[in-house]
Amino acid sequence: MNSLVVYDVETLSRDGQRRLRRVAKLCEGYGQRVQYSVFEVVCSRTKMAKLVVDLEAAIDPRCDSIRIYPLASDGLERVLALGLRRELRQAEAWVL
């Protein structure tokens with residue numbers, strides 16, 4: 001499973017800074033950092049499921065956000081969003 005994991009963790013508090021480090025460490029264990037908060041991840045569906053569970057436990061869903069974008073046609077056809085959702089209206093959405 002090839003995916004792009006993108007996160008935005010609130011860092012105004014000390015607790016938020018800890019969550020950011022934890023999320024980054026989790027992602028480093030599964031993939032390669034390509035930008036500060038962006039990782040390319042190549043793993044099995046089982047390992048991806050474990051990563052999702054670990055990430056859900058690491059964030060505060062009231063103020064943090066994680067998105068997982070599939071990069072390959074492997075049956076996963078939607079964006080997986082964890083935590084705070086910042087949805088765009090359809091007219092504003094871009095597809096790359």
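The values are calculated or read from the model by the stated rules, or taken from the named source; none is laboratory data. As the structure is a prediction and not an experimental result, all values here were calculated from the model. With ideal geometry, Cβ positions are generated from the backbone for all residues, glycine too; neighbour counts draw on all protein chains shown. The area values use the complete protein model at the heavy-atom level, side chains included, leaving out ligands, DNA and RNA. Shrake-Rupley method; radii C 1.70, N 1.55, O 1.52, S 1.80 Å.
Of all residues in the stretch 36-48, those that are open to solvent by 90 Å² or more (accessible area, probe 1.4 Å) and part of a helix (DSSP H, G or I) total 3. Just one residue in the set ARG33, ARG21 is in contact with a Cys (Cβ under 9 Å, 6 or more places away or on another chain), of a type outside the set (Ser, Thr, Tyr) and open to solvent by 90 Å² or more (accessible area, probe 1.4 Å); that residue is ARG33.
For the stretch 49-67, which positions are open to solvent by less than 30 Å² (accessible area, probe 1.4 Å), of a type in the set (A, V, I, L, M) and either over 15 Å from LEU80 (Cα atoms) or free of Cβ contacts under 8 Å to residues at least 60 places away in the same chain (or both)? The answer is LEU51, VAL52, LEU55, ALA58, ILE59. Looking only at residues that are within 17 Å of ARG62 (Cβ to Cβ) and assigned to a strand (DSSP E or B) in the stretch 1-18, which one is least open to solvent (accessible area, probe 1.4 Å)? Out of the qualifying residues, it is TYR7.
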